[in-house]
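Q: Got a structure here, written out as structure tokens. Questions coming.
The values are calculated or read from the model by the stated rules, or taken from the named source; none is laboratory data. Here the structure is a predicted model, which is why all the values come from computation and not from measurement. Neighbour counts run over all protein chains shown; Cβ positions are idealised from the backbone, glycine included.
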Amino acid sequence: MTTAGLEPSTSIPRSSQSRSKFGYVIPAVGFSLIAAFPFIAGPHYAILMFSGMGFAIALLGLNLLFGFTGLLSFGHAMFLAIGAYTTAYLTAAKIGNLEIILLTAAGVAILVAVPIGLLCIRYVRIYFSMLTLAFSMLLYSFLYKFYPITGGDEGLRIKMPRPALFDFSSLDTVGILTGPLYYYVFALLLLLTYAMWRIVSSPLGLGLRAIRENQQKAEYLGVNVQRNRLVVFVVAGVYGAIGGVIISIPVGLADPSLAYWVQSGNLVFMLLLGGYTNFFGPILGAVVFIFFQDQLMSHTEYWRLTFGILLALIVIFFPNGLMGIIDPRRRWSA
Amino acid sequence: MSILQAAGVQKFYGAFCALDGVNLSIDEGEHVSIIGPNGAGKTTLVNVLTGLLSPTAGSVTFKGRDIARLGPLRLSRLGMARSFQLVNIFPQLSVRETIALAAISTLGAGGRIFASLQRSKPVWDTVEGVSALFGFSSKLDQPAKNLSQGDKKLLDVASAFALKPEIILLDEPTSGVSTAEKSAIMQVLVRAAKETGIKAIIQVEHDMDIVFGYSSRIIAVHEGKVLADGSPEMIRSRSDVMAAVVGKL
Amino acid sequence: MISSINILVSGVFSAAVLFLVSAGLQIVFGVQKIVNLACGSFYAIGAYFGITALSWALRLQLPAALFIPVLIASGLVLALVLGPPIERLLRSIYHRDEHFQLLLTFALVLMFEDIIRMFWGASPLQINNVYLAFGELRLAPDLTIPNYNLIVIAVALAISLGFGWFLQATRFGKMVRATAENASICEALCIDLRKVYAVVFTLGVALGTIGGALVIPATAASLDMGVELIVDAFAVVIIGGLGSMPGALLGALVVGLTRAAAIWLYPEFEMLAIYVIVIAVLILRPRGLLGKAA
């Protein structure tokens, strides 16, 4: 990947030892804010944050593909749909246990991501983007057209799942989404963020960045490019499906538009908004996008125009996104 | 003992014949220089020997195995490393990370997905050793793209050495480097080869001072064929080779 | 027999329109190396603007023979208005990573959807009676073909022939092709790349807007027609080969005919069939059926 336009304005040497303490302040403040959110904002906003956390999880996976490995998927929304439809099928079959749903969604994502990944990882750059887009549209057209199985354009209803050891009987839907389930999802976000942190700080994580920077040389230095790409594609798929389970809960519906290519484009948009060169960029991007969209939509029917202009400005002037503005020194994946 | 062999290697680019029946055999303990005028097929030869290109005909064997379609990854595991003629770095990875990458491969740790790289002592020991050898100790945290031209090329070589290979192929390791730096680089290379236990070095080289100063054997390539293959003294005594390869000398 | 002729005609009709839009995608990719996601948006806005132009023509009671020229002119005017400023915007990312080029054109997709909404509203628009005004061709007692479909096929053919002539025979066309081969050498030879890029991009836009304008008498214009068409256009260029004009023609025929056949025979497979072909091509022949090897 050529990065001519992406050179950081600063060239402060980064080191795994000398990273400033300040660098951890921003994510700490951010996570505290998410934790306190149901207490400081109304239920409408707390539920928005609930979805934001779901998107954040999906984006953490997407950024492992794009930010770290240099593969831009324009079909990642297919995994959101896999998560949502898994939730719909299981809750319809009276399996409401959230752990089972999450594990099943992850399992389905693996089953789908392995064969698709094996095909897609042979391609890079624009071909990877187009192939992933084609696969997501394949899923979309299946969901959209095969009414008896998928509910067609109406989609499938989702009943509120319940984690083991939780008792929701005294709560209404809003109470659940802003109370126990909110913190369940928050804990899941923390856990998956930590797992992702481990992945990018692992030997494999370094190999990923090497693949992004120079695939041929990486191979000569013994990096198993194809295997690593597949691993990343599958991990990203699992994160996407888990994110899909979560975002479908407040909506109560799994519908085919989740897999549409514009949805995938929006995911990439969120990533860029938050900053794909920063480890925490995806989380910030997801949350900011969701809230900004909500506010815009309540003020104008032309929110897409605003978003389009915003995206153009980011692409042209701020390719490192919001995190690049807030904290230009910590360019984790760069 | 022969470690790398090429037998009847041909390589065509369309109708153009870049290599025409090359035979060679590299033994342990040798430092072989491949020389020849521009366009003679030197880089093609290195690319075929390192599996980047597969030969149109003929075979390449490394440690007794046919490596024609093995690919760079498995060659690196078998114990072959190379550097490139043009600057070939990971622009945004630091010197430390670049060398660590090779160390990870040597340890077979490249697939460890949740392990902490930072706490992997063997990796950092290798990084420390190799960077000390190549004079990178004070530049470990520099992103590769910020290095000088000479250091970029040296980093490419250093990371190849960090693989602890049995054989290393260097495609013009000193090109684009000032004359003063050239012999310094060569001394580093020779010392590094000794310390990491490399069995053979194959080097494409234009600078005849370096060729005759460091090689134990010279292979002259001309128009895709091996023109001469022998000791530096023997090559120096062949006026036809010197004329073809070095031009007016 | 009857159904296969119907499939053929409607398939070639949609292939003709699809080819125009895909040709715009191809020429911009070939010269500027940008995969333009917004080409579907140009198609959509071309369709809406075509409706405006056509209703103006109807109000002036122009004869039906002038409808096609009016539609083509509306596409050209729109392209001249939109093309140069958008090309100017894209200029800021020519040297950048292709991922960012893709994303900037995605930003255009978002913007255009609302721009259309602003001017024409959210509900689908349709011009009635024009389609039928062109009459039908009766091949057999129970087999008729709408003349309009045949006219559009002929017009698309004429446009692509004219386009091919422009690229092959004119001085500027040769400059365009040379730029596609090697932009930096062309710049060194004092070819004004800015001008080439601006003209090529505007041409690409025009192919999209004219394509959109031409479908208007036959179908309604809706907000999502752009994002839907881009996926078809993508399928066309993947099947035919990115950057190849003959490939776009072949790809458009494959997609158009597959879709027409699926709608006729088994509507559930309408889109599915196309993506199965796309994926098969990408796996078996990643450069596309007529694409050049990298």
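Q: Polar (S, T, N, Q), out of contact with any Lys or Arg (no Cβ under 9 Å at 6 or more places or on another chain) and at pLDDT 90 or above - does that describe any residue in the range A:17-26?
A: no
Q: I'd like to verify a number: residues in the range A:274-332 that are among the aromatic types (Phe, Trp, Tyr) and without any contact (Cβ under 8 Å) to a residue 24 or more places away in the chain, how many?
A: 5
Q: If you scan the range C:60-79, which residues turn out to be in a helix (DSSP H, G or I) and among the polar types (S, T, N, Q)?
A: The one that is in a helix (DSSP H, G or I) and among the polar types (S, T, N, Q): C:Ser74.
Q: Inspect all residues belonging to the range B:80-95 and state whether any of them is in contact with a Pro (Cβ under 9 Å, 6 or more places away or on another chain), surrounded by fewer than 17 Cβ atoms within 10 Å (Cβ to Cβ), in a loop (DSSP other than H, G, I, E, B) and more than 7 Å from chain A (Cβ to nearest Cβ).
A: So far as the range B:80-95 goes, no, none of its residues is in contact with a Pro (Cβ under 9 Å, 6 or more places away or on another chain), surrounded by fewer than 17 Cβ atoms within 10 Å (Cβ to Cβ), in a loop (DSSP other than H, G, I, E, B) and more than 7 Å from chain A (Cβ to nearest Cβ).
Q: Right, here's the next one. Might you check whether a residue that is farther than 15 Å from B:Ala100 by Cα and assigned to a helix (DSSP H, G or I) occurs anywhere in the range B:124-144?
A: yes
Q: Return the residues of the range B:148-166 that are in a loop (DSSP other than H, G, I, E, B) and at pLDDT 90 or above; say none if nothing qualifies.
A: Matches in the range B:148-166: B:Leu163, B:Lys164, B:Pro165, B:Glu166.
Q: All but one of (1) closer than 26 Å to C:Gly164 by Cα; (2) outside any helix (DSSP H, G or I); (3) within 14 Å of chain A (Cβ to nearest Cβ) hold for C:Leu290; which doesn't?
A: Looking at each condition in turn, C:Leu290 falls short on (3).
Q: Looking at A:Ile242, A:Ile199, A:Ile246, which one is surrounded by fewer than 24 Cβ atoms within 10 Å (Cβ to Cβ) and touching a Gly at 6+ places or on another chain (Cβ under 7 Å)?
A: Every option except A:Ile199 fails the conditions.
Q: Is it the case, given these coordinates, that B:Ala100 is in a loop (DSSP other than H, G, I, E, B) and within 7 Å of chain A (Cβ to nearest Cβ)?
A: no
Q: Sticking with this structure for a sec: Only residues that are among the hydrophobic types (A, V, I, L, M, F, W, C) and either part of a loop (DSSP other than H, G, I, E, B) or under 15 Å from B:Gly41 (Cα atoms) (or both): list them for the range B:219-245, please.
A: Correct list: B:Ile219, B:Ala220, B:Val221, B:Val226, B:Leu227, B:Ala228, B:Ala244, B:Val245.
Q: Kindly indicate whether A:Thr132 is under 24 Å from C:Arg285 (Cβ atoms) and either part of a helix (DSSP H, G or I) or within 23 Å of the chain's Cα centre (by Cα) (or both).
A: yes
Q: Which condition does A:Leu190 not pass, out of (1) of a type outside the set (Phe, Trp, Tyr); (2) at pLDDT 95 or above; (3) buried (at least 18 other Cβ atoms within 10 Å of the Cβ), if it passes all the others?
A: (3)
Q: Which condition number does A:Leu271 fail, the rest of (1) surrounded by fewer than 21 Cβ atoms within 10 Å (Cβ to Cβ); (2) within 30 Å of A:Pro163 (Cα to Cα); (3) among the aliphatic types (A, V, I, L, M); (4) within 12 Å of another protein chain (Cβ to nearest Cβ) being met?
A: So A:Leu271 meets the others, but not (1).
Q: Name the residue, out of A:Pro38, A:Pro43, that is surrounded by fewer than 20 Cβ atoms within 10 Å (Cβ to Cβ) and in contact with a Ser or Thr (Cβ under 6 Å, 6 or more places away or on another chain).
A: Testing whether each residue is surrounded by fewer than 20 Cβ atoms within 10 Å (Cβ to Cβ) and in contact with a Ser or Thr (Cβ under 6 Å, 6 or more places away or on another chain) leaves just A:Pro43.
Q: The conditions are (1) touching a Cys at 6+ places or on another chain (Cβ under 7 Å); (2) within 14 Å of another protein chain (Cβ to nearest Cβ), and B:Gly224 fails exactly one of them. Which is it?
A: (2)
Q: C:Ile127 versus (1) away from chain A (no Cβ under 14 Å); (2) hydrophobic (A, V, I, L, M, F, W, C); (3) not in a loop (DSSP other than H, G, I, E, B): which is the lone unmet condition?
A: All conditions pass for C:Ile127, except number (3).
Q: Inspect the range A:279-298 for any residue being under 22 Å from A:Phe50 (Cα atoms), surrounded by fewer than 23 Cβ atoms within 10 Å (Cβ to Cβ) and facing chain C (nearest Cβ under 9 Å) and give the result as yes or no.
A: There is no residue in the range A:279-298 that is under 22 Å from A:Phe50 (Cα atoms), surrounded by fewer than 23 Cβ atoms within 10 Å (Cβ to Cβ) and facing chain C (nearest Cβ under 9 Å).
Q: Something else now. What number of residues in the range C:82-118 are within 7 Å of chain A (Cβ to nearest Cβ) and more than 16 Å from A:Leu305 (Cα to Cα)?
A: So the count comes out to 9.
Q: Let me ask you something else. Which of the residues that make up the range B:140-149 are more than 9 Å from chain A (Cβ to nearest Cβ) and either closer than 25 Å to A:Val234 by Cα or in contact with a Leu (Cβ under 7 Å, 6 or more places away or on another chain) (or both)?
A: Selection gives B:Leu147 alone.
Q: If you check C:Ala57 against the conditions, is it more than 25 Å from C:Arg91 (Cβ to Cβ), assigned to a helix (DSSP H, G or I), touching a residue at least 12 places away in the same chain (Cβ under 8 Å) and within 13 Å of the chain's Cα centre (by Cα)?
A: No: the conditions fail for C:Ala57.
Q: Something else now. Out of contact with any strand residue (DSSP E or B) (no Cβ under 9 Å at 6 or more places or on another chain), surrounded by 22 or more Cβ atoms within 10 Å (Cβ to Cβ) and touching a residue at least 60 places away in the same chain (Cβ under 8 Å): is that true of C:Leu108 in this structure?
A: Spelling it out, C:Leu108 is indeed out of contact with any strand residue (DSSP E or B) (no Cβ under 9 Å at 6 or more places or on another chain), surrounded by 22 or more Cβ atoms within 10 Å (Cβ to Cβ) and touching a residue at least 60 places away in the same chain (Cβ under 8 Å).
Q: To continue, here is another question. Would you point out the residue of the range A:135-152, among those that are touching an Asp or Glu at 6+ places or on another chain (Cβ under 7 Å) and part of a helix (DSSP H, G or I), that is nearest to the other protein chains (Cβ to nearest Cβ)?
A: Of everything passing the filter in the range A:135-152, A:Lys145 is nearest to the other protein chains (Cβ to nearest Cβ).
Q: Mind listing whichever residues of the range B:24-63 are within 14 Å of chain A (Cβ to nearest Cβ), among the polar types (S, T, N, Q) and either free of Cβ contacts under 8 Å to residues at least 60 places away in the same chain or part of a strand (DSSP E or B) (or both)?
A: B:Asn47
Q: Here's something else I'd like to know. In the range B:103-131, what count of residues is obtained for those that are aliphatic (A, V, I, L, M), at the interface with chain A (Cβ under 7 Å from one of its Cβ atoms) and farther than 18 Å from A:Gln226 by Cα?
A: Of the residues in that region, 2 qualify.
Q: Among the listed residues C:Ala260, C:Ala178, C:Ala280, C:Ala273, which satisfies the condition of being more than 13 Å from the chain's Cα centre (by Cα) and closer than 24 Å to C:Ile127 by Cα?
A: Of C:Ala260, C:Ala178, C:Ala280, C:Ala273, the one residue that is more than 13 Å from the chain's Cα centre (by Cα) and closer than 24 Å to C:Ile127 by Cα is C:Ala260.
Q: In the range B:203-240, how many residues are in contact with a His (Cβ under 8 Å, 6 or more places away or on another chain) and of a type outside the set (Gly, Ala, Ser)?
A: Of the residues in the range B:203-240, 3 are in contact with a His (Cβ under 8 Å, 6 or more places away or on another chain) and of a type outside the set (Gly, Ala, Ser).
Q: Another question, then. Here are some conditions: (1) surrounded by fewer than 24 Cβ atoms within 10 Å (Cβ to Cβ); (2) modelled with pLDDT of 95 or more. A:Val251 meets all but one. Which one does it not meet?
A: Of everything listed in (1) surrounded by fewer than 24 Cβ atoms within 10 Å (Cβ to Cβ); (2) modelled with pLDDT of 95 or more, A:Val251 misses just condition (2).
Q: Do we find that C:Ala73 is of a type in the set (A, V, I, L, M, F, W, C), within 14 Å of chain A (Cβ to nearest Cβ) and farther than 27 Å from A:Thr69 by Cα in this structure?
A: Taking the combined requirement at face value, the residue does not satisfy it.
Q: Look at A:Val174 and say whether it is under 30 Å from B:Gly79 (Cα atoms) and either aromatic (Phe, Trp, Tyr) or at pLDDT below 95 (or both).
A: Criteria not met by A:Val174.
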